[in-house]
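One structure is given below, encoded as C-alpha cells.
The values are calculated or read from the model by the stated rules, or taken from the named source; none is laboratory data. Everything numeric here is computed off the predicted structure, so don't read it as measured data. Here the Cβ positions follow ideal geometry from the backbone for every residue, glycine too, while neighbour counts run over all protein chains shown.
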Amino acid sequence: MEEQKKKILDLLKSEEYVPMKAKEIALIMRVPKNEYNYFLEALGELELELKIQKNRKNRYRLMDKTYYDGIYKKNQKGFGFVRLENEEEIYISKENSLNALNGDRVLIEIIEEKNKIKRAEAKVIKILKHEKDTIVGIFINNQNFGFVIPDDRNFGTDIYISKKDFGKARNNHKVLVKITKYPEKGKNAEGKVIEVLGNVNEAGVDMLSLIKENKLPSTFPEQVIEEAKRCGNKIDKKDIPNRVDFRNRNIFTIDGEDAKDLDDAVRVQKLENGNYKLEVHIADVSYYVKENSLLDREALLRGTSIYMLGRVIPMLPRELSNGICSLNAMQDRFTLSCIMEIDKEGNTKSVEVVKGIINVAQRMTYKDVQAILDKSDKNILKKYEKYIEDFKLMEELALILKNKRMQRGYLNLDIPESKIDLDIDGKVTNISKYETTFANEIIEQFMLSANEAIAEKFYWLGAPFIYRVHEEPQMEKVQELNKFLINFNLKIKIGKDNIYPKEFSKILEEIKGKEEEKVISNLILRTLKVAKYEAENKGHFGIASKYYCHFTSPIRRYPDLFIHRIISKYIENSYNVSENWIEEYKIIATEDAKQSSEREKIATKVERDAQDLKKAEYMESRIGNEYTGIISSVTSFGLYVELENTIEGLIRFEDLGDEYFIYDENKKQLIGERTNKVYKIGDKIKIKVKSASKLLRQIDFEKA
C-alpha cells in the first residue's frame, strides 16, 4: 500500500501532471485490472490523509497545505508529541490535541517552525485512527455509575461506565473495557466492561493485564495447534537423501538453563591450512511451517515470541517450538546450515549454505561451558572430558572474531540486563544483574558471523530479503552527546557527512572499567537509532557491518523464517530463480519487514512494562530502605538514580533538599542556587525509597 501511495504522489508532483480522474491516473501508471481496487484504496487513503484532494470534476491534485501524519504520544499532563519520519518530535499543546488519545494516528499541521530556543509546534487536524478500542484498568464502583482508571496513565481520560454496563465487575477489579464513545469537548470516554480479569492483587492478574492491554494473542487457535501436531515429532526419513548429513560430528547447543526452544547448534574445526571451519546449524522451521499455511499466518500476526519474565507468548505452538523444530540432544533434526571458513585474522574466506540433518551430541548450558573454560569445576570437567578440546577451539575462534569486530568499530555496549526471580505465585523474590560470561560471547560471535555471511551472500545475489537495519545516528543527537562527553574530556569525532562506529567504539574502550562506564554506555545507546527490519540493505551501524540480517532464530522471529524460505528456494532451484518470482517476493519482503518491526516494538514495550511492574512490586515492601545508587539521568524535574541491582527510581526536586535547583541542559546537571551543590550523571548518591506503586509501574526515591 505504501509503495502504491508513493507512486501516486510522485506522479502528482511531476511537472507534466495536470489534474486527472482516477481512471486516467491508473492508465498512466499502468495499473493492472486485478489491482485497480487496491489502487483506489491507496487513492482514498491519500485523500483521507489530506495529501491529495478532488475538485468538483473528480480530478485529483496535491493539497495546497502540507500535513503530516504520525502517532500521538500523550503525556499525563495533557500535552503530547508526534514523531515524524525524520525522527523530529513535534510538540502538541493540550488545546491543539483535538482530544486525541495516547497511540492514536493523527494528521497534524505545523503552526510554528522550530528554532534555537524551542521545538516545532503543531495542531491535530484530524484523528485518522484511534489506536485503542479496548482498555485495561481498575474498576471503581460509585453506586449509580462507575469508572475505570486505565493502566496506561498517558491514555488521557478515565472511562465512564453506566450501571447497566458494569457486567460482573466489582470494586478494585482489573477489567477489560470496550470503548463505546471517545472523549470530546472535555467529556470523558465512555465504555462497557467486557471481561473481568480478577482482583488487582490476585496472582497472575498483572501479567494478564499486560496481555489484554496490548491485545496479545495469548492462545493459539485450535486449527493452528492441529496443524502443528500434524508435523509429528520425528523427521521424515524420505527427505534425508536430499540433505547433507552432519550426524557423525560433535555438534552442540549452548543456551541458558531454562531454554526450551533450541534453534541453533554449533561446531568448530581447525583445518590443515590453519584456518577454522565454523558450522552454524539452524532449525529448518520453514520445512514445517509452509508459506500461507495457518501456522504461517499466525506466526506473521505475532511476529516474534514475547518473554514476560515467567511467561512466554511464543510465535509458534510448543508442539513445534519445543518439539520437532527444537534441536534437542540425541534427536535427528533437519537444519539450514551455514558453513564458513574463517582465517586466523577473523576474515570469512568462504560461505556455503546447505540443507542439513544433525544429531546434537550434547545440550550444553553457558554455565557449564564457562566452568570448562575456567577449569573451575572438576565434576563438570570429568563429565564433558571428551568434548573439552571442542570448547577450547570455540573460545579461540570467538576471541579472534570479537577482536576483528572491535577493530572494525563494533559497539560493545556492556549494559547489564535485569534478572528477576519469581516464586510459584509470580511474586518477586529477588532482583539482580543478569551475569553473562564468555560462553555467552561464543554463541553471540558465531551467530553474528552467520547473520553477516548470509546477508552478504544473498545481497550480491539480488535476492528478495529482509535485512536487520541500523542506520547511523542523527548528527544533532551526536552533537548533544558531545556536550555531555566534554565533562569527561571525551569527544566523538564527526566527519563531514558521516559518523563512524569506530568513533563510538573508541569511547567505549576508553571508559571500560571506569565508574562512568555504565552511564556513558546508556547515553550512547539513547543516541543511537533503533534497529528495524527492512527489505533494503542499509547496513548495521552498531555491529559496524555493511550486511546484516536475522537468520539464526526462526522459531521465535518471523524475519528469520522468511529468510529461510528465500534461501531454501535458491538451494532447491540451484540458485536459478525467475525475475518474476524475485519481484513478487520483494513486495512481500517489504510488507513482512514492516509487520515484523511493528510487532517487535510491541514485544519490547511489553517486556519492559513487565519488568517495570515487577521492579515496583519488589520495592513496595522496601519503602524506607536506604541504598547507594548512581545518577543515570538528569532532567528538568529531577534525577533518575539506578541501584546496583538495576532498579531505577526518580528523585523529584522537592526531595533533593531545601533549596532551588537550576537545570543545565548542556552539561546534564543540577546546580543548587544557595549551596552550589552539583548533581551530574555518573555521581554516586545515597537514597531512601520514598514510594513505589506496582499499578503505576513507578518508583520514587528521596535523598537520604
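For this structure, a couple of remarks:
- Hey, R105 surrounded by fewer than 17 Cβ atoms within 10 Å (Cβ to Cβ) and of a type in the set (D, E, K, R) or not: no
- Residue match in region 149-165 (condition: at pLDDT below 95, within 20 Å of I92 (Cα to Cα) and part of a strand (DSSP E or B)): no
- Filter result for L27 (surrounded by 15 or more Cβ atoms within 10 Å (Cβ to Cβ) and either over 36 Å from the mean Cα position of the chain (by Cα) or not assigned by TED's automatic domain parsing to the domain that holds I108 (or both)): no
- Total residues in region 679-701, condition farther than 30 Å from K174 by Cβ and surrounded by 14 or more Cβ atoms within 10 Å (Cβ to Cβ): 8
- Whenever a residue of region 655-680 is β-branched (V, I, T), its partners that are not in a strand (DSSP E or B), lying with C-beta atoms within less than 8 angstrom and at least six residues away or across chains, give the pairs I662/E673; I671/K677; T675/E659.
- Answer from M394, M406 - the residue that is in a helix (DSSP H, G or I) and either small (G, A, S) or within 30 Å of I499 (Cα to Cα) (or both): M406
- Pick from region 412-443, criterion among the charged types (D, E, K, R) and touching a residue at least 24 places away in the same chain (Cβ under 8 Å), ranking: surrounded by the most Cβ atoms within 10 Å (Cβ to Cβ): E441
- Some residue of region 573-580 being out of contact with any strand residue (DSSP E or B) (no Cβ under 8 Å at 6 or more places or on another chain), assigned by TED's automatic domain parsing to the domain that holds D263, buried (at least 20 other Cβ atoms within 10 Å of the Cβ) and farther than 28 Å from E648 by Cα: no
- Scanning region 191-209 for any residue that is assigned to a helix (DSSP H, G or I), within 30 Å of I358 (Cβ to Cβ) and of a type in the set (V, I, T) turns up nothing.
- Residue in region 366-374 that is under 22 Å from F246 (Cα atoms), of a type in the set (V, I, T) and without any contact (Cβ under 8 Å) to a residue 40 or more places away in the chain present: no
- Members of region 218-276 that are in a helix (DSSP H, G or I), out of contact with any Ser or Thr (no Cβ under 7 Å at 6 or more places or on another chain) and either over 21 Å from V353 (Cα atoms) or not hydrophobic (A, V, I, L, M, F, W, C) (or both): E222, Q223, V224, I225, E226, A228, K229, K237, K238, D239, P241, N242
- Residues satisfying the stated conditions in region 277-292, i.e. of a type outside the set (D, E), over 14 Å from R333 (Cβ atoms), in contact (Cβ under 8 Å) with a residue 12 or more places away in the chain and assigned to a loop (DSSP other than H, G, I, E, B): V289
Results for (1) among the small types (G, A, S); (2) touching a strand residue (DSSP E or B) at 6+ places or on another chain (Cβ under 6 Å); (3) part of a helix (DSSP H, G or I); (4) touching a residue at least 40 places away in the same chain (Cβ under 8 Å), shown as yes or no for each residue.
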position: A299; (1), (2), (3), (4): yes, no, yes, yes
position: L316; (1), (2), (3), (4): no, no, no, yes
position: I358; (1), (2), (3), (4): no, yes, no, yes
position: R363; (1), (2), (3), (4): no, yes, no, yes
position: I380; (1), (2), (3), (4): no, no, yes, no
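- Of the residues screened, K690 is one that is in contact with an Asp or Glu (Cβ under 6 Å, 6 or more places away or on another chain) and either assigned to a strand (DSSP E or B) or hydrophobic (A, V, I, L, M, F, W, C) (or both).
- The listed residue being charged (D, E, K, R), outside the structural domain of R697 (by TED's automatic domain parsing), touching a residue at least 40 places away in the same chain (Cβ under 8 Å) and surrounded by fewer than 16 Cβ atoms within 10 Å (Cβ to Cβ), out of E85, E41: E41
- Residues that are farther than 14 Å from A439 by Cα and free of Cβ contacts under 8 Å to residues at least 12 places away in the same chain within region 391-411 comprise just one, Q407.
- Residue match in region 128-141 (condition: surrounded by fewer than 17 Cβ atoms within 10 Å (Cβ to Cβ), of a type outside the set (S, T, Y), more than 33 Å from the chain's Cα centre (by Cα) and part of a loop (DSSP other than H, G, I, E, B)): no
- Matching option when the condition is small (G, A, S), more than 19 Å from Q407 (Cβ to Cβ) and assigned to a loop (DSSP other than H, G, I, E, B), among S553, S521, S568: S553
- With a requirement of 1 or more residues that are under 28 Å from C338 (Cβ atoms) and in contact with a His (Cβ under 8 Å, 6 or more places away or on another chain), the strands (runs of 3 or more DSSP E) lying completely within region 413-507 that satisfy it span 467-469.
- Residues of region 217-246 classified as surrounded by fewer than 17 Cβ atoms within 10 Å (Cβ to Cβ) and touching a residue at least 12 places away in the same chain (Cβ under 8 Å), total: 13
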